[in-house]
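Just so you know, all these numbers are worked out from the coordinates, no wet-lab data involved. Model, not experiment: these values are computed from the prediction. Cβ: placed from backbone, ideal geometry, glycine included. Neighbour counts: every protein chain shown.
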Amino acid sequence: MIQRAAKLNPTSLTLDRLEELGIRPELIAARGLCPCVEASHLELAEVGADGREHRLVPEAAKAWCRMKDAALQANIHLFIVSAYRSVDRQAEIIQRKLDAGQKIEDILCVSAPPGFSEHHTGCAMDIGAPDTPLLECCFDQTAAFSWLRQHAGQFGFVLSYPADNPQGYQYEPWHWCHVASRDSPLRAAPAI
Ligand SMILES: [Zn+2]
């Protein structure tokens, strides 16, 4: 148990990485963000049209397949835009935005700090639908979103970041998390 608890705390590596990116611990504390542990066991949930492989923890992958099939029965096509993402990858994404001249405060309204993204857990995914811009708020105007709002809960998925969410992220109608997987005692992560 002690070993597991230690493993769930933000690692010194994560803390170093935050410092490198200019992300102060006070900012994370003020936002009430919780560390997210990288999944250790993932399985392939979907291969994108571009050949990209999207991975989730097994329970979330199964729930995703069930949900996607049910949506298809209602003529709603859903696909994964992004699923599991490592802490390293998250740091790269933020570094790229910094290099492009964005301010860290602005970046963190859209992207989680490395070590704090639900995507690390392998339980969260960004969902897209055909003929709709990806990762845009107008996703909430689609039939796909209406269907998800009505049915995703039956499959264990919740919208993590509704409008005015307490974590201070922008409204993300495309980002859904399989909470049964995320909140399992094996995965629960304490606040710093
Ligand atoms: Zn997301």
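When the chain is fully extended, how far beyond the present Cα-Cα distance does R52 get from L27, taking 0.36 nm per residue of separation?
Fully extending the segment from R52 to L27 adds 5.7 nm.
Here the relative contact order of the chain, from alpha carbon pairs under 8 Å that lie six or more residues apart, stands at 26 percent.
Label sites at D99 and Q141, each approximated as a point 7 angstrom past Cα along Cα to Cβ, lie 3.4 nm apart. Given a cut-off of 29 Å, what percent of all Cα-Cα pairs of the chain lie beyond it? Cα-Cα pairs of the chain separated by over 29 Å account for 21 percent. Springs between Cα atoms under 10 Å define the GNM used for the chain, and in it the highest mean-square fluctuation of P58, P25, P114 occurs at P25.
Calculated [222 nm] ellipticity per residue, helices only, for the chain: -10000 deg cm²/dmol; basis is -39500 (n - 2.57) per DSSP H run with n ≥ 4, divided by all residues, nearest 500. Shown is the FRET efficiency for C109 and E19, computed with R0 = 22 Å from the Cβ-Cβ distance and rounded to the nearest 0.05: 0.65.
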